[in-house]
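Colleague: There's a structure below that I have some questions on.
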Amino acid sequence: MIKKESFDVILLDIMMPGISGIEVLKLIRQSYSASELPVIMVTAKGDSEDVVTALKLGANDYVIKPLDFPVVLARVETQLEACRNHKKLKEHAKELEARTGDHFENIDAETLQPLIDTGENERFELKSTLRWNLKSNKADKEIENAWLKTIIAFLNTEGGILL
């Protein structure tokens, strides 16, 4: 059914005739990640071994029978929201990649050196502030924590490349 139709979330019983829910989960995870297709395991057993096995094999969550429908609904909604958020993040990452391109992937020293020599501009900023001051070419206690400020400032911008 999964190959023929699209599903947003699957509630999968562990104990089924013919094939166990654990085996079905393994088959699902061969084609879909936990973020692409959430699977909530359903079990009549409160046995932690089955639950742990299912979680290790990629189940997103589990519920124990008898089902408490408000709890099941809340867990389904939580998984659907997580899936939507994951899709948004993937779309955002693609947008950022399209905007920034792969300018600095596999860059060689001959290409990088002229950029460094040219210096900073609106889209290119040089930072080396973990403990070493490039200007004085020595360790500098005054800038020891500046790396954290640099990362925070970068995260508060609209992107670019932090090199």
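Laboratory data are not the source of any read-out in this text; all were calculated from the coordinates shown. Just so you know, these numbers come straight off a predicted model, no measurement behind them. Please note: Cβ atoms are built from the backbone with ideal geometry, for glycine as well, and neighbour counts cover all protein chains shown.
Colleague: Roughly how many nanometres apart are two label points built 7 Å out from the Cα toward the Cβ at K3 and Y32?
Modeller: 1.5 nm
Colleague: Would you tally the net charge around I19, using a Cβ to Cβ cut-off of less than 12 Å, leaving I19 out, and scoring K and R as +1, D and E as -1?
Modeller: -1
Colleague: Can I ask one more? Rounded to the nearest 0.05, what FRET efficiency is calculated for V71 and K94 with R0 set to 30 Å and r the Cβ-Cβ distance?
Modeller: The value I calculate is 0.25.
Colleague: Give the peptides 57-63, 77-83 in descending order of average Cβ contacts within 10 Å, highest first. Can you show the working numbers first?
Modeller: On the way: 57-63: 18.9, 77-83: 14.9.
The peptides rank, most packed first, as 57-63, 77-83.
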